[in-house]
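A short worksheet on the structure shown next.
No value in this document is a laboratory result; all are computed from the given coordinates. Keep in mind it's a predicted model, so treat the numbers as computed, not measured. Using ideal geometry, Cβ is built from the backbone for each residue, glycine included, and neighbour counts are taken over all protein chains shown.
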Amino acid sequence: MSVLAQEQRTVLVTGASSGIGAAITEKLLGAGHHVIGIGRDFSKIDFANACFSPIQLDLADLDRLPKALEALQQRFPPIDTLILAAGIGDFGCLEEFSYIRIRKLVELNFLSQAYIARAWIPRMKRRRQGDVIFIGSEAGLKGSRKGTVYCASKFALRGFAQALREECGSCGVRVSLINPGMVKSRFYEALDFEPGENESQHLLPLDVAELVLLLLNLRQGCVVDEINLTPLQKVIHFKKRGKAK
Ligand SMILES: NC(=O)c1ccc[n+]([C@@H]2O[C@H](COP(=O)([O-])OP(=O)(O)OC[C@H]3O[C@@H](n4cnc5c(N)ncnc54)[C@H](OP(=O)(O)O)[C@@H]3O)[C@@H](O)[C@H]2O)c1
């Protein structure tokens with residue numbers, strides 16, 4: 001077991017208010033860790049746990065983000081683990097995207113997560129201890145129709161995670177990337193498609209959360225660089241047309 005695995009961790013989780021990030025938070029709290037969760041709206045969940053500190057923060061506001069992260073570092077100095085799961089899905093043909101819409105998606109899905117890593121990596125390197133787990137996507141493995149900007153944001157995150165992993169290995173800091181396929185969550189609420197209903201046609205947020213715990217509990221001397229987790233069958237259900245393909 002790693003040094004950290006035996007102790008109570010202090011974990012920063014982005015996207016803690018819903019879906020994958022919320023499931024990770026619940027699992028970490030269940031394992032006795034302290035979680036500082038970032039989201040904009042926590043009314044969707046109720047962890048009622050003294051070890052949970054919800055932080056309302058709009059990660060899309062990049063100009064204010066460095067100062068907000070500095071304040072978090074002062075308030076929670078022991079943070080030793082980052083789980084970066086915040087993100088949104090926005091799909092369409094490129095001409096449907098205004099310039100600002102392109103920027104907003106990349107800023108949230110990639111740049112805000114890179115800023116957070118940037119804020120904590122120096123102290124993790126100094127302490128020669130720390131874990132960073134990025135939640136990427138299968139969209140970061142292969143470009144897909146109507147996914148120009150979303151895929152680009154996830155490809156960027158993947159390149160960042162791979163390079164950071166190389167950079168940090170000799171400093172005792174582990175960096176991993178999980179690329180889930182379609183996960184049944186609020187992610188699809190505003191989209192015109194969703195994963196299939198059958199249990200082998202989607203992942204559950206809990207599946208990703210269990211994988212995160214597994215990675216964190218690995219012996220300190222090893223790291224999972226990247227892992228692709230997908231439902232047994234890929235089925236996309238289009239809401240308007242009601243067809244599966
Ligand atoms: N669902 C899938 O099929 C799937 C597949 C592969 C990868 N992923 C990735 O997994 C991650 C989580 O997705 P999910 O399925 O858990 O979706 P979700 O249930 O919609 O959760 C998204 C999370 O991101 C947070 N978030 C969104 N915009 C934010 C902002 N401006 N500032 C702060 N927090 C913000 C949300 O919090 P608030 O709403 O409270 O702000 C929420 O906690 C995303 O990065 C997504 O790209 C999802």
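When 202, 34 are arranged by Cβ crowding within 10 Å, least crowded first, meaning fewest neighbours, the order is 34, 202.
Taking 0.36 nm per residue of separation and subtracting the Cα-Cα distance, full extension of the segment from residue 240 to residue 58 would add 62.4 nm.
Mean-square fluctuations from a GNM of the chain, with a 10 angstrom spring cutoff on Cα atoms, peak among 185, 18, 43 at 43.
Could you work out [θ]222 nm for the chain from helices alone, using -39500 (n - 2.57) per DSSP H run of at least four and dividing by all its residues? Round to the nearest 500 deg cm²/dmol.
Details: 7 runs with 84 residues, N = 245.
Roughly -10500 deg cm²/dmol at 222 nm, from the helical runs in the chain.
With viscosity set to 1.567 mPa s and temperature to 4 °C, compute the Stokes-Einstein D of segment 164-245, Rh being the Kirkwood radius across alpha carbon pairs; µm²/s, no decimals.
On the way: Rh = 14.6 Å.
This corresponds to a translational diffusion coefficient of 89 µm²/s.
One way to sum up the overall shape of segment 1-105 is the equivalent ellipsoid from its Cα gyration tensor, whose semi-axes run 29, 16, 13 Å, largest first.
With r defined as the distance between the Cβ atoms of residue 118 and residue 48 and R0 fixed at 35 Å, what FRET efficiency is calculated, to the nearest 0.05?
Values: r = 33 Å, r/R0 = 0.93.
Computed FRET efficiency for residue 118 and residue 48: 0.60.
Calculate how many DSSP beta bridges within segment 3-238 are antiparallel, expressed in % of all such bridges and rounded to the nearest 5. Counting only bridges with both partners in segment 3-238, antiparallel ones make up about 10 percent.
Let a ≥ b ≥ c be the square roots of the eigenvalues of the Cα gyration tensor of segment 194-240; is it rounded (a/c under 1.5), or, if not, prolate (a/b larger than b/c) or oblate? The shape class here is prolate. Between helix 19-30 and the chain there is an angle of about 30 degrees, using the helix long axis and the longest principal axis of the Cα atoms.
Using only alpha carbons, build the gyration tensor for the chain and give me the equivalent ellipsoid semi-axes, biggest first, whole Å. Don't skip to the answer; put the middle values down first.
Values: eigenvalues 161, 78, 66 Å².
Each semi-axis is the square root of five times an eigenvalue, giving 28, 20, 18 Å.
Cα centroids of segment 5-41 and segment 161-200: 15 Å apart.
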